[in-house]
Amino acid sequence: MTRRPLLIGNASGFYGDRFDALREMLTDGPLDVLTGDYLAELTMLILGRDRLKNPELGYAKTFLRQLEECLGLAHERGVRIVVNAGGLNPAGLAGAVRALAAKLSVPVAVAHVEGDDLMPYPLLPSGEGALTANAYLGGAGITACLRAGADVVVTGRVTDAALVSGPAAWWFDWAPDDHDRLAGAVVAGHVLECGTQATGGNYAFFTRHDVSRPGFPLAEIAQDGSSVITKHAGTGGVVSVGTVTAQLLYETQGVRYLGPDVTARLDTVRLTQAGPDRVAISGTRGEAPPATLKVGLTRIGGWRNEVVFVLTGLDIDAKAALVREQLAPLLSPVASTVWTLSRTDHEDAETEETASALLRLVVRDPSPDRVGRALTSAAIELALASYPGFHVTAPPSPAQPYGVFDATTVPAREVPHTAVLADGTRVTANPAAAYPAPPAFEERGSGGGAPEGVRGAAPVSGRGGVRESPAGPTTPEPQALATPEPQALATPEPQALATPEPQALATPGPQAPAAPGPAAPPTVPTAPTRRVPLGTIIGARSGDKGGDANVGLWAESDPAWEWLHRTLTVATFKALLPETAPLEVTRHALPNLRSLNFTITRILGDGVASGHRFDPQAKALGEWLRSRHVDIPEALLQPPAETPAPLPGPPAGTPVALPGPPAGTPAPLPGPPAETPVPLPGPLAGTPLTLPGPPAEIPVPTTTPEGTP
């Protein structure tokens, strides 16, 4: 029996997201399941400190306040709620939800998932001194709770995507080895997990749309694992191939997205604009999950403090040098001292603020005494004895503890993944658990019803300096091309761009079933160029993953993608972002998405909680890269078309239901997109632009991925 699509939405992307989102998602349209993601690496440290103060805490208190005004509404509409707000204490939050339900006289069944907290177990080789140690569980526990009739499911540290893959496996009764279907749900979950980042928030091309108050996203997930990303009608923001691409690239590290339920192949994903604010995701292939689970560890790393000096007017460098010289004796015993001079000053400025630069001192030490108020007070004592115009941005402050995030792995079979049902029954929730499926997916209410792990010892992310991802293409190798001399970007150090890219010959991992490979693009003479910001034609999204960061970039047309893939090598990336030059950088190509994804190892040190970097979570790293000036072929600088390319037709004999359902009625998903890409017209009338191809081992499509504007 074919079941109708699951309507599943998101109402939180982090602990502190829009408070009203839970109510908005329940009242703005139909849903079957509403999820909320409250956890991040920094959040686990915050919750760990909460638990030290009060053992009954350790969960996201915001969710409980949201639920106070929404629990009755969710029950009336038949919407099940699945959240990871349990943090370090899912049992405690589940108990608090039951008490709230009793107070409100709302008859709901509340279950929770536990087993991620590894502090009580001797499983960790490096767990000594840890404040928290949590395995990233999959969706099996959520599936078991929903099968047992839970209306509210509270979890601790599950993967963000498990909040979607768990309900999807329940809804369609998928088996643990339904890898392609599960992978499709994981990809949909990754798109939804950060809330409005999928509907225009933090979007590189935000000026094209009204994103003043984006609505939260939802997915219509079909039985075959394909999905449509959309939002409730009438809500703000936009859902486009671009916004979905940006979120797919966010905080990922390679073509294989490893998770506890399945390994999703991001290089098989295809996106199609299926109507206004509707993007279809199809083609996702899955592989078996790794035998290990990622474990996030947080520790108190020591104590830190900072002082920001304001330097105004003339002689900025000399003023900075004087302060550093004056404080040097006091700083000599401190374990870590970092000075950063931000030249925000302008010559002949019309305001004092724009005439000023900022000199930032950050200190860290195992002892709070060496970096405490005595140090910051000594800095203030220089006020009448240092550079002219001396002042700082804040008064003296005491030292503050900082946290360190680290990651390791443990065998998945040794983690006690457990679903605790509403009646207290405990069910082992490993992938082979044979908990009975519901008798039918009854019509209810309005809707009707992996961070990345490590596969063994060798990482699949392709780290290793300047290599391509070794995962390999998912289509047959094209014939080898004679690689032309790369077109140099004008940079302060052009010689850095001439460094040839080493050819990674690592053996590919397991391959998805092959589709016909794209033809190799022909080469033509170099076109005229213009020096403009990279972001004129290229979008980017960046973020943190522990001490590492990633920058995902995408092009909106085939010619732009060919240029991006050929031009933006690791050497060029490092030249444009000099901060990354001494670090290990790896490039991953995703031709179906017209995207490159760069991972930068240890740019964030020990993670966001300990970092002193100006942008500690690397959220703006991509925007910095987009602002760098490069030489772009003039033919690529034509304004984008105002309307998307015509949608491809369905496979022969397959009916297609296009845009959304009638008001209040769940809509069936459109059929799978056609496998034949849609060719776009060339950038110049009568003169198609073709550029030299990429290295031979990476196939590049020469036609537009389906339905892309």
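The values are calculated or read from the model by the stated rules, or taken from the named source; none is laboratory data. The model shown is predicted, which means the values in this text are computed figures rather than measured ones. Backbone-built Cβ (ideal geometry, glycine too); neighbour counts: all protein chains shown. The accessibility values were calculated without ligands, DNA or RNA, using every heavy atom of the protein model including side chains. Shrake-Rupley method; radii C 1.70, N 1.55, O 1.52, S 1.80 Å.
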Starting from the 7 Å offset along Cα-to-Cβ, what nm value, one decimal, do you get for the label separation of ARG360 and ARG628? 2.0
Relative to the present Cα-Cα distance, how much length would full extension add between LYS61 and LEU314 at 0.36 nm per residue of separation? 86.1 nm
Using θ = phi - 60° and the Karplus relation 6.51 cos²θ - 1.76 cosθ + 1.60, list the HN-Hα couplings for region 572-588 in order, rounded to whole Hz, with x at every Gly or Pro. 5, 4, 5, 5, 6, 10, x, 4, 8, 4, x, 9, 7, 10, 10, 10, 10
Whose amide H sits under 5 Å from the amide H of GLY78, counting only residues 5 or more places off or on another chain, with H placed in the peptide plane? SER446
PRE zone check, label point 7 Å out along Cα-to-Cβ of GLU353, amide N under 18 Å, scope region 298-336, hits 308-313
Would you please give the residues with an amide H less than 5 Å from that of ALA274, counting only those at least 5 places away or on a separate chain, with H modeled from the backbone geometry? VAL279, ALA280
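Whenever you get a sec, line up ASP177, ASP224 from highest to lowest accessible area (probe 1.4 Å, protein heavy atoms). Provide the component values of the computation, followed by the final result.
Working: ASP177 105, ASP224 80 Å².
Solvent-accessible surface, decreasing: ASP177, ASP224.
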Evaluate the distance, in nm, between pseudo-label points positioned 7 Å from the Cα of SER332 and of HIS346 along their respective Cα→Cβ axes. 4.3
Once PHE172, PHE614, PHE14, PHE405 are ranked on solvent-accessible area with the largest value leading and a 1.4 Å probe, the list reads PHE614, PHE14, PHE405, PHE172
Mean Cβ neighbour count within 10 Å, used as a protection proxy, ranking 32-44, 346-358, 625-637 highest first: 32-44, 625-637, 346-358
Accessible heavy-atom area order of ASP345, ASP28, highest first, probe of 1.4 Å: ASP28, ASP345
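What is the extension gain from PHE14 to ALA99, computed as 0.36 nm multiplied by their sequence separation minus the C-alpha to C-alpha distance, in nm to one decimal?
Full-extension gain reported as 28.1 nm.
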Starting from the amide H of THR529, placed 1.01 Å from N in the peptide plane, find each other amide H under 5 Å away whose residue is 5 or more places distant or on another chain. GLU634
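Just flag the trypsin sites (Lys or Arg not before Pro) in region 244-351 sitting in loop per DSSP whose Cβ has no more than 14 other Cβ atoms within 10 Å.
Listed in order of number, the matching sites are ARG343.
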